Amino acid sequence: MLSLFPISPDQNLLPYDGEVFYYADFFTAQQSHEFLRILTDEIPWKHDEVVIFGKVIQTLRKVAWYADYEKPYTYSGRTKIGLPWTPTLLLIKSAIEKKAKIAFNGGLMNYYHDGNEGASWHADNEKTIIPNSCIASVSFGAARKFEFKHKQTEEKVSVTLAPGSLLLMQGTTQTHWIHALPKSKKIMEPRLNLTFRQMI
Ligand SMILES: O=C(O)CCC(=O)C(=O)O
Ligand SMILES: [Fe+2]
């Protein structure tokens, strides 16, 4: 849903049980364009594999996992070894670290070819993530709706993630809320999303 007023960056988007901060113009339109072009080419995007009821299923969206010194990361029942950071990713990571005032040592990157691809409801609360740490999500390409749902009350909060935006999810967000990137038939353009994380 479009809001008449820009969301204040200092305003917590969640009403309770977590903290989510949104910065619409973290990167300029020109930077976003460049990062989309470079990262689309330089990241070795691969379909994700998830284990559902013991079966390995390939997801439509493509992913890549980066980390400091080849840290293994267990996610959706699969263990992955991180790729070494590229200069472009390090540039983005350091800009975000300055804003969030913390250091990230891992990142799950997502590539959605168009609105037929999304991310289903989940919380990023794997054992390999530092509990209640900050997850920083950067978006380039198509603007997409991103939703939060409280695990008990089922209250929903949604935000449109614009190209060049930064979303910080922190505090108890992953304990009490799940999130999703809903599919939308109207969206024809690709979207690239980088989620920087703090791993144990
Ligand atoms: O694409 C997004 O905005 C979110 C992806 C996500 O939730 C994740 O990588 O855990
Ligand atoms: Fe997530």
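Residues G141, G115, G82: which one is in contact with a Pro (Cβ under 7 Å, 6 or more places away or on another chain), more than 16 Å from ligand 2 (Cβ to nearest atom) and not hydrophobic (A, V, I, L, M, F, W, C)?
Within the list G141, G115, G82, the selection yields G141.
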> In region 98-115, how many are touching a residue at least 40 places away in the same chain (Cβ under 8 Å) and either under 12 Å from R144 (Cβ atoms) or charged (D, E, K, R) (or both)?
Replying inline: 5
>> When you scan region 145-156, do you find a residue that is away from ligand 2 (no atom under 12 Å from the Cβ), under 20 Å from F26 (Cα atoms) and within 11 Å of the chain's Cα centre (by Cα), even just one?
In response: no
> Which residues, taken from region 120-150, are more than 18 Å from G171 (Cα to Cα), at pLDDT 95 or above and of a type in the set (G, A, S)?
Replying inline: S139, G141, A142, A143
> Being buried (at least 17 other Cβ atoms within 10 Å of the Cβ), within 19 Å of Y23 (Cβ to Cβ) and touching a strand residue (DSSP E or B) at 6+ places or on another chain (Cβ under 8 Å), is that true of even one residue in region 113-122?
Replying inline: no
>> Any residue that is more than 17 Å from Y66 (Cβ to Cβ), in a strand (DSSP E or B), modelled with pLDDT of 95 or more and not aliphatic (A, V, I, L, M) - is there at least one of those in region 93-108?
In response: no
> For region 100-115, what are the residues that are of a type in the set (G, A, S), more than 14 Å from G171 (Cα to Cα) and away from ligand 1 (no atom under 13 Å from the Cβ)?
Replying inline: A103
> Going by the conditions given, is I200 away from ligand 2 (no atom under 16 Å from the Cβ), closer than 24 Å to E49 by Cα and among the hydrophobic types (A, V, I, L, M, F, W, C)?
Replying inline: yes
>> Condition (residue is within 13 Å of ligand 2 (Cβ to nearest atom), within 27 Å of Q31 (Cβ to Cβ) and not small (G, A, S)) applied to region 95-109: is it met by at least one residue?
In response: yes
> Which of the residues that make up region 116-142 are touching a Leu at 6+ places or on another chain (Cβ under 8 Å), in contact (Cβ under 8 Å) with a residue 60 or more places away in the chain and near ligand 1 (Cβ under 10 Å from one of its atoms)?
Replying inline: E117, G118, A119, I135, V138
> Hey, does region 170-178 have a residue that's over 30 Å from Y69 (Cα atoms), part of a loop (DSSP other than H, G, I, E, B) and either within 16 Å of the chain's Cα centre (by Cα) or without any contact (Cβ under 8 Å) to a residue 40 or more places away in the chain (or both)?
Replying inline: no
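The values are calculated or read from the model by the stated rules, or taken from the named source; none is laboratory data. Everything numeric in this text was worked out from a predicted model, so none of it was measured. In this analysis, Cβ positions are derived from the backbone assuming ideal geometry, glycine residues included, and neighbour counts consider all displayed protein chains.
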